[in-house]
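The values are calculated or read from the model by the stated rules, or taken from the named source; none is laboratory data. No experiment lies behind these values; they were computed from the predicted model shown. Please note: Cβ atoms are built from the backbone with ideal geometry, for glycine as well, and neighbour counts cover all protein chains shown. Areas reflect the complete protein model, heavy atoms only, side chains present, ligands, DNA and RNA absent. Shrake-Rupley method; radii C 1.70, N 1.55, O 1.52, S 1.80 Å.
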Amino acid sequence: MERVIGIDLGTTNSCVGILEGDTPTVIPNRGGYKTTPSMVAVTEAGKRLVGHIAKRQAITNAENTVYAQKRLIGRKWNSPQVKNSVMTSSYTIVEGPHSDVRIELRDKTFSVPEISSMILQEMKIVAEDYLSETVSKAVVTVPAYFNDNQRQATKDAGAIAGLDVIRIINEPTAAALAYGFGKSMDQTVAVYDLGGGTFDVSVLEIGSHGVFKVIATTGDTFLGGEDFDARVIDWLVQGFSEEHDIDLRKDRMALQRLRDAAEKAKCELSSVKETEINLPFIISTGRNEALHLQRALSRDMLETLTEDLCQRTIDICKQALDDAKLDRDEIDEVILVGGMTRMPAIQKAVSDFFGREASKGVHPDEVVALGAAIQGAALVEEQQEMILLDVTPHALGIMTFGSYFEELIPQNTTVPTSRTKVFTTSRDNQTAVKILVMQGESKQADENELLGEFILTGLRRAPKGEVEIEVTFEINTDGIVSVHAKDLETGQEQSIQVTATSGLTQDEIKAMAEEAKDYLVERRTDEKFEQAKQEAETLIAEIERLFPDVERIVASSDFGKDAIGKARSVVDKARSAIERKDTEEVQEHVEGLARTQRMFKGVVSRAQ
Ligand code: AMP
C-alpha cells in the first residue's frame, strides 16, 4: 500500500512525519534536523536553495531569500496583510496577473504557491531519502483559521511539488490527533498554537472510540513569533537611531541581520535571563566609518516589549471558550504547539488562564506533522478506527442587497453540513440574480473573502420581492463548498461548486509542476555528482598524501615508475572529470582511485 506522509508546512519551519507500524515518526533531513526552515533562495548563479542552506545565506542574499511566505499564500494583492508584508519584507513582492501576489527573485517572478511547493518538494525528498521509495501522497496541515482560498493555494502548492494532497487538515486538529492517538480517553482539550506567523486556538473533544470532534476554533493569521521578533527589532532600531541618528531599516542587509539577531535573542531568553545582542559592522556612516551594535536584552525587557501580543493570544483563548460554550475548568488538558510556546511568559499566561499546566507529553515542533501522518495513514487504511469531525473556521454566506453579508452556515459548524434559506428579488421584473458566495465574519460583505460567484438566470418577471429563491449551501468533508439556487415558483435552478482559488490557473499550475519536475531531475543529478565528487576527492587526498612515501620506496624499479605514472594519470583524469562535472566519469574513476589508494597503502605498510 502506498505510504502517505504528513507535512506540517509552517511559517518558519516545516516538518514531515510518517506512521511506521503503530508509531508516528518524524523524519529527519540529511543534516539530522527534524525540522527544515521554510525558506527559499536563489543564488547569483541562479541556483535554488531550500531549507537550512537558504537560511545560512539569508543575510548576504537578503533580497533573494524568501521567508514567511505562508503569510501571503492565497491572499489577494490588495489585502491589508499583503500591504504589510510588502513594507516589511526584505524580498520584493509584486502584484500578479490575477490580483494575486508574486515574489521576485533575481530575474524571475514566482507565485506564492510555487514558493511553498519548493518547501513541500524538499519535505518529499527528505521522506523519499528516508523511505527509499517514491512518495506521491500527503496530508498537509494549515492553520485552522485559513479560509478556502488559502487552503486551495496550499493544495495547489502540493500539486506543483508533485504531491497529491489527499487531505488538508487543521494544525490544532493534527496536534490533538497526535496527542490522543492510541490512548483511550474521554477528554476536552484546548490546543494553543503559536508559531512563527500565525496563532490559533481550538477546543476539541476526544472520545474513547477514536472520535476527534472540533468544537470551536479561532485565531489570527497575522500573529506569531515574527511579531515578537519585530518588537525586539523596533527596540534595537530605535536605540540605534537615538545613539547615532541612523535608521537601520533603510539597509536591507542590516535589517536581515537584525531580524536574525532578534529571533536568536528571543529564543535564548527562553532559557536564560539575559542575553547580549552583538552585531559588529552593522552599518557604515557617510564618512566611511563602521558602526557596531551591542546591547544587552533581559527576559523582563522582552516580556515588557511583547506583553500585549501575549495578551492578544489570551483574549483569543477566551473567545474560543465562549464559542465552545465552555468554562475554563471544563478543559481537561492544554496542548502547546509551535516554537513560540517555549517562551516562559507564554507558558505562564496560558497556565494562568486555564488554571493548569500544559501537557508535557507532546513535542511542540513535531506534534502537527505526526498528527498529519496519523491522518494520512488512516485515510488509506481500510479498517480505520478514527473519526475526525472538523468545523468550518469561517461563516459562509452570500452578499445581499446593500452589500450586506447574509450568513447561511455559521462559524464553527461541524462539517459536512448543509443549510437552506429563501431570499427574494430586490428589483421589479428582475430576471437574473447574481449570487456572490463569501466567507467571513463581517456584516459588511466587502470585508469578507469572495469565494466565487454565479448568476441564476431565467427568473419570471414579477414585482420586487415576489420571486422567491431558495439557496442551499453544502460543505463536504474536504471543505469543498457547493451552492444551489432555485426559483421556487418556476423550479428554475442552478448550482456551482465553489472552487476557491489560489490565484493560479490550471495551466499555470501544470507548467509550474513541469518546472518542479525538471528541478528534481537536476537536483538528483547534482546530488549524484556531489557524492561521486566527494568520494573521488577523499581518495585523491589520501593518494596525494601517500605519494612522496610511495615514490621514495618504489621509484628505483621500472615497475614502480610505471605504477606511479598510472596513479598520476588516474588522479589527473578524475580531477578533469570533476572539473567538467561529468558524473558518470567521476563515478568510473572512483574505482580506479580506490584501487590505487589500496595499492599505495600496501606499499607503504610493507616498507615499514
Ligand atoms: P513554528 O512555526 O512552530 O516553527 O515556530 C517558530 C517560531 O517559534 C519562531 O518565531 C521562533 O523564533 C520561535 N521559537 C523557536 N524556538 C523558540 C524558543 N526556544 N523560545 C522562543 N521562541 C522560539
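Keeping all protein chains in position, work out how much accessible area CYS267 exposes to a 1.4 Å probe, and write it in Å² to the nearest 10.
For CYS267, solvent-accessible area is about 70 Å².
Sequence-distant or interchain residues sharing an amide H contact under 5 Å with VAL437, placed H: which?
Counting only residues 5 or more places away or on other chains, the set is LEU451, GLY452, GLU453, PHE454.
Would you calculate, for the chain, the mean residue ellipticity at 222 nm contributed by helices, counting each DSSP H stretch of 4 or more residues as -39,500 (n - 2.57) and dividing by all residues, to the nearest 500? Working shown, then result.
On the way: 14 runs with 240 residues, N = 608.
The helix contribution divided over the chain gives -13500 deg cm²/dmol.
Which semi-axis lengths, in whole Å and largest first, follow from the square roots of five times the eigenvalues of the Cα gyration tensor of the stretch 156-223?
Working: eigenvalues 116, 64, 16 Å².
For the stretch 156-223, the ellipsoid semi-axes come out as 24, 18, 9 Å.
How big is the dipole moment of the stretch 225-307 about its Cα centre under a simple scheme where the beta carbon of each Lys and Arg is +1, that of each Asp and Glu is -1, and everything else is neutral? Debye, nearest 20, please. Could you put the intermediate results ahead of the total?
On the way: 12 positive and 18 negative charges, 58 e Å.
Magnitude of the dipole: close to 280 debye.
Could you please report the charge total around THR134, scoring K, R as +1 and D, E as -1 over all other residues with beta-carbon less than 14 angstrom from its beta-carbon?
Details: positive: ARG3, LYS124, LYS137, LYS517, ARG524; negative: GLU2, GLU128, ASP129, GLU133, ASP164.
Combined, the nearby Lys, Arg, Asp and Glu give 0.
Taking θ as phi - 60°, what are the ³J(HN,Hα) couplings along the stretch 450-457 by the Karplus curve (6.51, -1.76, 1.60), each to the nearest whole Hz, with x for Gly and Pro?
For the stretch 450-457, the Karplus-derived couplings read 7, 9, x, 8, 8, 10, 9, 9 Hz, x marking Gly and Pro.
Work from the charge dipole of the chain (Cβ charges, +1 for Lys and Arg, -1 for Asp and Glu, about the Cα centre) and give the residue of THR25, PHE181, ALA62 farthest towards its positive end.
ALA62
For Cα pairs less than 8 Å apart in space and 6+ apart in sequence, what is the mean separation divided by the residue count of the stretch 76-147, i.e. the relative contact order in percent? The partial results should precede the final answer.
Numbers: 47 pairs, mean separation 11.6, N = 72.
Computed over the stretch 76-147, the figure is 16 percent.
Could you pull out every residue, at least 5 positions away or on a different chain, whose amide H is within less than 5 Å of the one on GLU468? Hs are placed 1.01 Å off N in the peptide plane, and Pro or chain starts have none.
Placed amide hydrogens put LEU488, GLU489 under 5 Å from GLU468.
In debye, nearest 20, what is the charge dipole magnitude of the chain about its Cα centre with +1 on Lys and Arg Cβ and -1 on Asp and Glu Cβ, if you could check? It would help to have the intermediate numbers written out before the result.
Details: 70 positive and 99 negative charges, 305 e Å.
Dipole magnitude for the chain comes out near 1460 debye.
In the full protein assembly as shown, how much of LYS264 is accessible to a 1.4 Å probe, in Å² to the nearest 10?
130 Å²
Within the stretch 329-371, whose backbone N sits under 15 Å from a point 7 Å along Cα→Cβ of LYS183?
Of the residues in the stretch 329-371, 331-337, 357-364, 367-368, 371 have backbone N under 15 Å from the label point off LYS183.
Just to confirm a number: summing +1 for Lys and Arg and -1 for Asp and Glu over residues other than VAL471 whose beta-carbon lies under 14 angstrom from that of VAL471, what do you get?
Working: positive: ARG419, LYS421, LYS434, LYS486; negative: GLU406, GLU407, GLU453, GLU468, GLU470, GLU474, ASP487, GLU493.
Charge balance near VAL471 sits at -4.
Of all the accessible heavy-atom surface of the chain, with the other protein chains kept in place and a 1.4 Å probe, what percent is carbon and sulfur? Mind showing how you got there, number by number?
Details: 13250 of 28180 Å².
The nonpolar share, carbon plus sulfur, comes to 47 percent.
Does anything in the stretch 450-479 have its amide N under 13 Å from the 7 Å Cα→Cβ label point of LEU488, and if so which residues?
Label zone hits: 465-472.
Given charges of +1 on the Cβ of Lys and Arg and -1 on the Cβ of Asp and Glu, with all other atoms neutral, how large is the dipole of the stretch 390-514 about its Cα centre, in debye to the nearest 20? Let's see the in-between values first.
Numbers: 10 positive and 20 negative charges, 89 e Å.
That gives a dipole near 420 debye.
With point charges of +1 on the Cβ of Lys and Arg and -1 on the Cβ of Asp and Glu, referenced to the Cα centre of the stretch 506-607, which listed residue (ILE540, TYR519, THR583) lies farthest in the positive direction of the dipole?
Result: ILE540, furthest along the dipole toward the positive end.
At 1.306 mPa s and 10 °C, plugging the Kirkwood radius over alpha-carbon pairs of the stretch 130-192 into Stokes-Einstein gives what diffusion coefficient in µm²/s? Mind showing how you got there, number by number?
Details: Rh = 13.5 Å.
D = 118 µm²/s.
Express the accessible area of the stretch 506-607 per residue in Å², computed with a 1.4 Å probe while the remaining protein chains stay in the model. Before the final figure, lay out the partial values.
Numbers: 6540 Å² over 102 residues.
Spelled out: the 1.4 Å probe surface of the stretch 506-607, per residue, equals 64 Å².
Distance between the C-alpha centers of the stretch 309-326 and the stretch 163-185? Whole Å please.
Between the Cα centres of the stretch 309-326 and the stretch 163-185 lies a distance of 22 Å.
Given H placed on each backbone N at 1.01 Å, which residues far from ILE277 in sequence or on other chains put an amide H within less than 5 Å of it?
ARG295, ALA296, LEU297
Please report the accessible area of ARG167 (heavy atoms, 1.4 Å probe, ligands and nucleic acids excluded) in Å², nearest 10.
Estimated to the nearest 10 Å², ARG167 gives 50 Å².
Grab every C-alpha pair in the chain, bin the distances at 20 angstrom width from 0 up to the longest one, and report whole percents.
Reading upward from the zero bin: 17, 43, 28, 9, 2, 0.
Taking 30 Å as R0, compute the FRET efficiency from the Cβ-Cβ separation of GLU20 and ARG523 and round it to 0.05. Working shown, then result.
Details: r = 26 Å, r/R0 = 0.86.
For R0 = 30 Å, the calculated efficiency reads 0.70.
Go through the stretch 287-297 residue by residue and turn each phi into a ³J(HN,Hα) via Karplus (6.51, -1.76, 1.60, θ = phi - 60°); whole Hz please, and just put x for glycine and proline.
Couplings: 8, 6, 10, 7, 10, 10, 10, 9, 8, 8, 10 Hz.
What net charge do the residues around ARG598 carry, taking every other residue with its C-beta under 13 Å from that of ARG598, with Lys and Arg at +1 and Asp and Glu at -1?
On the way: positive: ARG595, LYS601, ARG606; negative: GLU542, GLU591.
Around ARG598, the surrounding residues sum to +1.
Can you spot the lysines whose alpha carbon is less than 21 Å from LYS273's alpha carbon? Ignore those fewer than 8 places along the same chain.
LYS264, LYS348
Hey, with R₀ at 51 Å, roughly what FRET efficiency would VAL211 and THR457 work out to, going by the Cβ-Cβ distance, to 0.05? It would help to have the intermediate numbers written out before the result.
Details: r = 44 Å, r/R0 = 0.86.
With R0 = 51 Å, the Cβ-Cβ based efficiency is 0.70.
What order do HIS589, HIS292 take when sorted by accessible area (1.4 Å probe), most exposed first?
Numbers: HIS589 30, HIS292 100 Å².
Output order, biggest surface exposure first: HIS292, HIS589.
Extent of the stretch 225-307 along each principal axis, from alpha carbon coordinates, in Å, largest to smallest?
Extents along the principal axes: 40, 20, 20 Å.
Could you tell me the relative contact order of the stretch 396-498? Use alpha-carbon pairs under 8 Å, at least six residues apart, and round to a whole percent.
Numbers: 236 pairs, mean separation 28.1, N = 103.
Averaging sequence separation for qualifying contacts and normalising by length gives 27 percent for the stretch 396-498.
Roughly speaking, what is the stretch gain from GLU307 to ILE53, that is 0.36 nm per residue apart minus the C-alpha to C-alpha distance, in nm to one decimal? Let's see the in-between values first.
Values: separation 254, 0.36 × 254 = 91.44 nm, distance 3.35 nm.
Length gained, GLU307 through ILE53: 88.1 nm.
Counting other Cβ atoms within 10 Å of each Cβ, which chymotrypsin sites (Phe, Trp or Tyr not before Pro) in the stretch 1-86 have at most 16 and sit in a DSSP loop?
Working: sites: TYR33, TYR67, TRP77; in loops: TYR33, TYR67, TRP77.
The qualifying sites are TYR33.
Which whole-Hz ³J(HN,Hα) couplings does the stretch 260-267 yield from phi under the Karplus relation 6.51 cos²θ - 1.76 cosθ + 1.60, θ = phi - 60°, glycine and proline marked x?
Once rounded to whole Hz, the list reads 4, 5, 5, 5, 4, 4, 4, 5.
Give me the Kirkwood hydrodynamic radius of the stretch 396-498, using the inverse of the mean 1/r over all pairs of distinct Cα atoms, in Å to one decimal. All intermediate terms of the calculation are to be shown ahead of the outcome.
On the way: mean 1/r = 0.0722 Å⁻¹.
So the Kirkwood estimate lands at 13.8 Å.
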